[in-house]
Amino acid sequence: PEETVTSSFASFIREVRPEHLSKTVRHRSKRMILDSIGVGLVGSTTHVFDLALQYCRELYSSVAVSSVYGKPGVKLSPTLAAFTNGVATHSMDFDDTWHPATHPSGAVLPALLAASQMLPPSTKPNGMDFLLAFNVGLEVQGRLMHFSTEAHNIPKRFHPPSVVGTLGSAAATAKLLSLSTAQCAHALGIAASLAGAPMANAATQAKPLHIGNATRLGFEAALLAARGMEANPLILDDIPGCSGFSVFYSIYQPKPLSTPSDHHEFLLEKQDIAFKRFPAHLGMHWVVDAALSVRNLFINYAGSFSPSLIRTIVLKIPVSKYINRPFPSSEHQARHSFQFNACAALLDGEVGLSSFKESSIHRQELRELLDKVVVEHPEDNVANFDKMYGEVALLLHSGDVLTGKCDTFYGHWRKPLSKESLLKKFRSNASHVLPEEKIETIITMVENLENLSDSSQL
């Protein structure tokens, strides 16, 4: 039969082998795994995580075999563990971001961790199997996002990980479970019927559910396909008059995924990942670095940071309604507010976990700075994580103007975190729930993942 886009993806999932992963891809994906575990661990300390865990423990009873981030001794059924850990990963908006825009690790890793514990001892995947499945989940997400130019900009309709992440989870789990080519295609088709969440729920407690659902529902899609459920075998193709995956994009031009070979180049080889230094929407990292830059200029100018000398704070940012929030009233709104993050950086000289506590958000001195903010949208500052910039200008009562600008923040794929910075972030996040010896064990295990005989140990 003639090959289709959908069948090409299914064939790729089935046929890709560990030797197809280059040294660069293995290195970058292990950094992603370590970072994602860290943000999941610190995310297990949040209120929204507690709500999700309580929901799963009280409303469902099943075979509890899979572990939950930050809760020693607590286990859930595999798909619910994936859901809960996915919520933890995105509960602070601290997880990695790719381009085109999505959060790739959180939609895949929790499913693989739970599935590894679900499988019987005789069929436990080793570390290389785990790493390969993780990269299959990343590759499928990346290829799907390249089907539409709409996906290249900051989203307006669907939250990307709820769309491509669900299919990425299905693909990764299908690979780990060694499904047939036909079953892989059906897993993608089933996942497409379970995908999608609106951007209107950004900056609310519902947003972390997008990651939790993506990893859980993709996992369930693979399990259903393994049990014989079928779906449209052309789900990724562009069929006139009958929307498949194209329903999520206004412009849709799918392309087949080539059969893996020794020369296959994974997208992660060409496009590194962005790791966040503080827990907020990725766009905030540009304005924070710009604000810190102009703060240093201000201190050199005045001797100290004195808000009373500032008449107006001008933010030059791209147009993106859901992260343009003049006066956020909750931690989730604050994580999605250009204004808040710029002013917090100006006032405190840093942005971190404590910046989003209720006591920090509602400070009078911060409110007074927010009152001085004026937003501008230069035409050359587009809502695209590869092209945007952040600029913060302080107009002083003296008539002087001080300006800080950031084109590429530290942690962006063009300016990656060093190994030391990534490990510092992981240790800091994990220390909220784990003792030092377990933290170091995880670091060693991930760094040597290819040699792990049983991935469920992770």
Would you work out the relative contact order for the chain, in percent, from Cα pairs under 8 angstrom that are 6 or more residues apart?
-> 21
Determine the calculated [θ] at 222 nm for the chain from helices alone, applying -39500 (n - 2.57) to every DSSP H run no shorter than 4 residues and normalising by the residue count; nearest 500 deg cm²/dmol.
-> -14500 deg cm²/dmol
25 Å Cα cut-off, lysine pairs counted over the range 282-406 (separation 8 or more, or different chains) = 10
For the range 226-297, one quarter of the surface area of the C-alpha convex hull, expressed in nm², comes to 10.1
Run through all the Cα pairs of the range 282-406 and give the fraction in each 10 Å bin from 0, expressed as whole percent.
-> 14, 49, 32, 5
What residues have an amide H closer than 5 Å to that of Val65, excluding those fewer than 5 places away on the same chain, when H is modeled at 1.01 Å from N in the peptide plane?
-> Leu76, Ser77
Grab the beta carbon distance between His263 and Ser178, set R0 = 22 Å, and tell me the FRET efficiency rounded to 0.05.
-> 0.35
Over the range 282-406, what is the mean sequence separation of C-alpha contacts under 8 Å (at least six apart), divided by residue count, expressed as relative contact order in percent?
-> 42
Could I have the simple spin-label model distance between Ser308 and Ser359, label points 7 Å from Cα toward Cβ, reported in nm to one decimal?
-> 2.6
Carbon and sulfur: what percent of the range 348-388's accessible surface (1.4 Å probe)?
-> 43
Relative contact order (percent, whole number), the range 186-242, Cα cutoff 8 Å, 6+ residue spacing | 63
Accessible area per residue, Å², the range 279-409 with all protein chains present, probe 1.4 Å = 41
Rounded to one decimal in nm, the spacing of the 7 Å Cα→Cβ label points at Arg367 and Glu350 is 2.7
Length released on extending from Asp407 to Ser428, taking residue separation times 0.36 nm less the Cα-Cα span | 4.9 nm
Roughly how many Å² is the accessible area per residue of the range 179-246, as a whole number, for a 1.4 Å probe?
-> 39
Evaluate E = 1/(1 + (r/R0)^6) for Lys270 and Lys387, where r is the Cβ-Cβ distance and R0 equals 22 Å; express this FRET efficiency to the nearest 0.05.
-> 0.80
Qualifying lysines (Cα of each under 21 Å from Cα of Lys23; at least 8 residues distant if same chain) | Lys175, Lys270, Lys415, Lys419
Can you run phi through the Karplus equation (6.51, -1.76, 1.60; θ = phi - 60°) for the range 114-125 and list ³J(HN,Hα) in whole Hz, with x for Gly and Pro?
-> 5, 5, 4, 6, 6, 5, x, x, 6, 10, 4, x
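The values are calculated or read from the model by the stated rules, or taken from the named source; none is laboratory data. None of the values given here were measured: they were computed from a predicted structure. Because the Cβ atoms are built from the backbone with ideal geometry, glycine has one as well, and the counts that use them run over all protein chains shown. To get the accessible areas, we keep the full protein, side chains included, count just its heavy atoms, and leave off ligands, DNA and RNA. Shrake-Rupley method; radii C 1.70, N 1.55, O 1.52, S 1.80 Å.
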